[in-house]
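Reviewing the structure listed below.
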Amino acid sequence: MVTLKMSLSCFFLLQISLFLLFSFDPTNAHGLKVGFYDNTCPKAELIVMKSVSDVMKKDPTIGAPLLRMFFHDCFVRGCEGSVLLELKNKKDEKNAAPNLSIRGFEVIDNIKASLEKECPGVVSCSDVLALVARDAVVAMNGRSWGVETGRRDGRVTNINEANSNLPSPFDNITSLITQFHSKGLDKKDLAVLSGGHTVGIGHCPLIANRLYNFTGKGDSDPNLDSEYAARLKQKCKPTDTTTALEMDPGSFKTFDDSFFKLVSKRRGFFQSDAALLDNQETKSYVLKQTKNHGSTFFEDFGVSMVKMGRIGVLTGRVGEIRKKCTMVN
Ligand code: HEM
């Protein structure tokens with residue numbers, strides 16, 4: 001009797017193990033997985049990588065706005081491609097103030113066109129953004145990471161949502177932490193992802209208050225290194241609305257860890273960068289990255305990008321696979 005019971009439970013255990021083995025699917029709780037297109041469009045990731053590398057050979061400065069684009073997509077309605085949609089009345093995210101300085105939308109549209117030729121109706125615009133962000137970082141000498149795919153595209157874009165959901169360069173640390181928290185990202189993610197400012201440019205009006213009239217008495221931001229402030233003042237005159245400066249002077253096309261060295265020396269470009277020193281956790285992350293052999297930034301960046309890439313995703317049967325990234329089907 002005992003032996004019969006034992007062999008029955010062994011049989012059931014075996015059944016359960018086999019079930020688990022064969023039904024294992026590396027899809028995460030958000031319905032995304034690395035290599036989602038391996039069977040349905042095997043060349044998808046290769047096509048994206050080759051296209052990014054080609055455009056960046058012609059214009060190495062395009063990598064930064066392409067990385068920024070993914071962040072701006074994810075923070076507004078989630079990573080579902082709403083930043084790419086265009087409305088006739090122009091009340092779309094693209095026309096929101098923080099997005100007016102984003103370049104490279106045509107790069108996404110061209111990549112999507114190539115993907116439609118290769119496998120029509122398969123690869124979403126939101127996944128294109130996620131893959132392009134990774135490939136842009138790699139093309140700027142950063143480290144690669146496995147991009148989760150399987151997102152579907154949304155059908156809504158709204159200018160007001162972009163204005164209210166994207167953090168401002170004037171935000172303080174409390175506000176930044178709250179905004180990131182509301183998207184499921186923690187203080188570490190905030191510090192890590194702010195490191196994206198190791199590439200790219202920022203426009204003068206966004207730092208003019210730090211240089212010329214911080215407390216209304218014609219003074220500079222006391223949290224900005226005075227030598228650096230003097231240098232910035234030479235390039236940004238008070239009424240200059242057009243000049244853009246390298247946020248990481250000297251290596252603004254290279255994805256390195258110098259952002260953290262700058263911030264630690266009170267040379268963060270925006271108030272929101274400098275603010276990382278105003279919280280114990282974000283500050284200690286910044287300082288850790290400045291230590292020789294202490295930098296974990298390159299690994300951390302991939303991890304936080306994957307986490308950011310899960311915000312508000314549409315998977316399974318919701319949303320659609322847009323034919324063109326600028327319009328719903
Ligand atoms: C923490 C909150 C953040 C704020 C307040 C912020 C704000 C800004 C602003 C104001 C600019 C300059 C726009 C211009 O003058 O043209 C900028 C540029 C940029 N941001 Fe952020 N950002 C934040 C987080 C991020 C994140 C998470 C990423 C990506 C992981 C990112 C990537 C970039 C890049 C690459 C640029 C340069 C774009 C270019 O060269 O055109 N930012 N950001």
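The values are calculated or read from the model by the stated rules, or taken from the named source; none is laboratory data. Model, not experiment: these values are computed from the prediction. Note that each Cβ is placed from the backbone with ideal geometry, even for glycine, and that neighbours are counted across all protein chains shown. The area values use the complete protein model at the heavy-atom level, side chains included, leaving out ligands, DNA and RNA. Shrake-Rupley method; radii C 1.70, N 1.55, O 1.52, S 1.80 Å.
If you go through the range 184-216 one residue at a time, how many are more than 8 Å from the ligand (Cβ to nearest atom) and not in a helix (DSSP H, G or I)? Going through the range 184-216 one residue at a time, the tally reaches 8.
Residue check: is residue 110 more than 13 Å from the ligand (Cβ to nearest atom), polar (S, T, N, Q) and surrounded by fewer than 18 Cβ atoms within 10 Å (Cβ to Cβ)? In short, yes.
Filtering the range 226-257 to residues that are part of a helix (DSSP H, G or I) and within 14 Å of the ligand (Cβ to nearest atom) leaves 232, 235. Scanning the range 72-104 for residues that are touching a residue at least 60 places away in the same chain (Cβ under 8 Å), open to solvent by 10 Å² or more (accessible area, probe 1.4 Å) and touching a Lys or Arg at 6+ places or on another chain (Cβ under 7 Å) gives a single hit, 86.
I want to confirm something. Restricting to the range 272-303 and keeping residues that are of a type in the set (Asp, Glu) and out of contact with any Phe, Trp or Tyr (no Cβ under 9 Å at 6 or more places or on another chain), which single residue is farthest from residue 224 (Cα to Cα)? Before the answer, list the steps.
Residues of the range 272-303 of a type in the set (Asp, Glu): 273, 278, 281, 299-300.
Next, from what is left, pick out any that are out of contact with any Phe, Trp or Tyr (no Cβ under 9 Å at 6 or more places or on another chain): 278, 281.
On the way: 278: 13, 281: 20 Å.
Within the range 272-303, the match that is farthest from residue 224 (Cα to Cα) is 281.
Being among the aromatic types (Phe, Trp, Tyr) and assigned to a helix (DSSP H, G or I) is the filter here; which residues of the range 159-183 pass it? If the condition is that a residue be among the aromatic types (Phe, Trp, Tyr) and assigned to a helix (DSSP H, G or I), then 180 is the only one that fits.
Which ones in the range 113-132 are among the small types (Gly, Ala, Ser), part of a helix (DSSP H, G or I) and crowded, with 23+ Cβ neighbours inside 10 Å?
Within the range 113-132, the first condition is being among the small types (Gly, Ala, Ser), and the residues that meet it are 113-114, 121, 124, 126, 130.
If we keep only those that are part of a helix (DSSP H, G or I) too, we end up with 113-114, 126, 130.
126, 130 - these are the residues of the range 113-132 that are among the small types (Gly, Ala, Ser), part of a helix (DSSP H, G or I) and crowded, with 23+ Cβ neighbours inside 10 Å.
Pairs are defined by a Cβ separation below 7 Å, a sequence spacing of at least 6 or placement on different chains, a first member in the range 294-317 that is modelled with pLDDT under 95, and a second member that is open to solvent by 40 Å² or more (accessible area, probe 1.4 Å); the pairs so defined are 294/288.
Among the residues making up the range 136-146, a single one is surrounded by 24 or more Cβ atoms within 10 Å (Cβ to Cβ) and under 16 Å from residue 47 (Cβ atoms): 136. Residues of the range 205-227 that are in contact (Cβ under 8 Å) with a residue 12 or more places away in the chain and among the basic types (Lys, Arg): 210 alone. Report yes if some residue within the range 152-161 is under 30 Å from residue 278 (Cα atoms), surrounded by 15 or more Cβ atoms within 10 Å (Cβ to Cβ), within 12 Å of the ligand (Cβ to nearest atom) and not assigned by TED's automatic domain parsing to the domain that holds residue 280; otherwise report no. For the range 152-161, residues under 30 Å from residue 278 (Cα atoms), surrounded by 15 or more Cβ atoms within 10 Å (Cβ to Cβ), within 12 Å of the ligand (Cβ to nearest atom) and not assigned by TED's automatic domain parsing to the domain that holds residue 280: absent.
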